[in-house]
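Trainee: Sharing a structure with you now.
The values are calculated or read from the model by the stated rules, or taken from the named source; none is laboratory data. Remember, it's a predicted structure, so these values are computed and weren't measured experimentally. Quick reminder, even Gly has a Cβ in these numbers, built from the backbone with ideal geometry, and neighbours come from all protein chains shown.
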Amino acid sequence: MTKFVLHVSAALALVSDGIDVPARHELFAPSLLRSQLLSRLYEAVRSGDLSADDAQNRMARFRRLPIRLLGDSVLQRTAWRIADRLDLDSTYDAEYLALTQLQGDALVTLDARLAAAAEGLVRIAGIDELRG
């Protein structure tokens, strides 16, 4: 079983493209993912890129994903250290990196900036690894 940490960019792709994740993969994310996904979908509706119905359908798909959302104090302390080490402006991306270090085999992200920052810290997986 492969343990993937799912970044918001990858979660958006999963729910937008209707990608099914095989049961042999285990999905994790920081608890902030739920709010980030909701916000990004809301922003897409506000900008006219997505209908409200489509956004709600994507949130419903997200709620059906077998994903374990975590946000304990160990994760927070580790994220703080990573954000400080990488000189990040916030701890949001650091939470994904921290969770990957603590629980995951790889981080799935479509964010090139985050993937570059993760070099040497965690393994980055492409969205196609979730399919296969």
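Trainee: Looking at Arg68, Arg61, can you tell me which residue is within 22 Å of Arg24 (Cα to Cα), of a type in the set (D, E, K, R) and assigned to a strand (DSSP E or B)?
Mentor: Answer to the check: Arg68.
Trainee: When the residues of region 15-28 are filtered to those that are out of contact with any helix residue (DSSP H, G or I) (no Cβ under 7 Å at 6 or more places or on another chain) and at pLDDT 95 or above, which remaining residue is nearest to Leu99 (Cα to Cα)?
Mentor: Leu27
Trainee: Can you tell me which residues in region 91-105 are hydrophobic (A, V, I, L, M, F, W, C) and either buried (at least 17 other Cβ atoms within 10 Å of the Cβ) or modelled with pLDDT under 95 (or both)? Before the answer, list the steps.
Mentor: Restricting attention to region 91-105, the residues satisfying the condition of being hydrophobic (A, V, I, L, M, F, W, C) are 94, 97-99, 102.
Residues satisfying the conditions are Ala94, Leu97, Ala98, Leu99.
Trainee: Are any residues in region 27-44 in a helix (DSSP H, G or I) and either surrounded by fewer than 17 Cβ atoms within 10 Å (Cβ to Cβ) or touching a residue at least 12 places away in the same chain (Cβ under 8 Å) (or both), and if so, which ones?
Mentor: Leu32, Leu33, Arg34, Ser35, Gln36, Leu37, Leu38, Ser39, Arg40, Leu41, Tyr42, Glu43
Trainee: Are there any pairs, at least 6 apart or on different chains, whose C-beta atoms fall under 7 Å, with the first in region 111-132 and under 20 Å from Ala23 (Cβ atoms) and the second part of a loop (DSSP other than H, G, I, E, B) and modelled with pLDDT of 95 or more, and if so, which?
Mentor: Ile127/Leu110
Trainee: I'd like the residue in region 45-60 that is among the aliphatic types (A, V, I, L, M) and under 20 Å from Ile19 (Cα atoms) and, out of all such residues, is surrounded by the most Cβ atoms within 10 Å (Cβ to Cβ).
Mentor: Ala55
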